[in-house]
1. Name the residue, out of GLY164, GLY137, GLY120, that is small (Gly, Ala, Ser) and at positive phi.
2. For the stretch 155-163, state whether one or more residues are assigned to a loop (DSSP other than H, G, I, E, B) and open to solvent by 80 Å² or more (accessible area, probe 1.4 Å).
3. I need the full set of residues from the stretch 138-171 which are acidic (Asp, Glu), out of contact with any Gly (no Cβ under 8 Å at 6 or more places or on another chain) and within 26 Å of CYS63 (Cα to Cα), in order please.
4. Quick one: is ILE113 of a type in the set (Val, Ile, Thr), touching a helix residue (DSSP H, G or I) at 6+ places or on another chain (Cβ under 8 Å) and at pLDDT below 90?
Amino acid sequence: MGAAGGLLAIWEVATTAGPHARADALLGRSGEPPAASLGERNAALFRLRSQLFGNSQQLRCNCPDCEAIAEFTVDCGAMARQALPSPAAGQPQQLQIGDYRVEFRLPQAVDLIAACGSDGTFEAELLERCVSRCACGEAPCELEELPDSVVEAISQRMEELEPGASIRFDL
């Protein structure tokens, strides 16, 4: 099968997959098994895009503040390298913020799918799935009792460990 036939086969698989299964379908069809790590999955998608269409990708969007149109080009190879998680990302994590100590792991693709389908808020569902223990001083506490500053610190630490889990551009 030539390049055009391969592209058509990947296209057909992706269009029939639901939004949460699309990345798995694309990566599975390309021969690269989908990774659980969000950063590794995004890196693999950048590599696939680069293989199919070349390394440069032109993007266009509207500024959320002023509605101005922004156009720019990204290097998919560089994006793939930047999306990879740090070596410590696969390990259990601990964070101490004031009197609060939180033990957690990084979200994986299955966590995002579950959080999108939950009745609660996306952030609360992710925390529920990823936080294994939280305490204030020596006493265990509930996730709902964590101050916003602690929740924000968890989010920042997750992003430091796996910057490619969420891809965004400053406009």
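1. Details: GLY164 fails: at positive phi; GLY120 fails: at positive phi.
Matching residue, one of GLY164, GLY137, GLY120: GLY137.
2. Checked against the condition, which is being assigned to a loop (DSSP other than H, G, I, E, B) and open to solvent by 80 Å² or more (accessible area, probe 1.4 Å), the stretch 155-163 yields no hits at all.
3. Taking the stretch 138-171 and keeping what is acidic (Asp, Glu), we get 138, 142, 144-145, 148, 152, 159-160, 162, 170.
From what is left, the residues that are out of contact with any Gly (no Cβ under 8 Å at 6 or more places or on another chain) are 138, 142, 144-145, 148, 152, 159-160, 170.
Matches in the stretch 138-171: GLU152, GLU159, GLU160, ASP170.
4. Numbers: of a type in the set (Val, Ile, Thr): yes; touching a helix residue (DSSP H, G or I) at 6+ places or on another chain (Cβ under 8 Å): no; at pLDDT below 90: yes.
When the stated conditions are applied, ILE113 does not pass them.
The values are calculated or read from the model by the stated rules, or taken from the named source; none is laboratory data. What you are looking at is a predicted structure, and each value in this text was computed from that prediction instead of being measured. Using ideal geometry, Cβ is built from the backbone for each residue, glycine included, and neighbour counts are taken over all protein chains shown. Heads up: the accessible areas ignore ligands, DNA and RNA and are worked out on the full protein's heavy atoms, side chains in. Shrake-Rupley method; radii C 1.70, N 1.55, O 1.52, S 1.80 Å.
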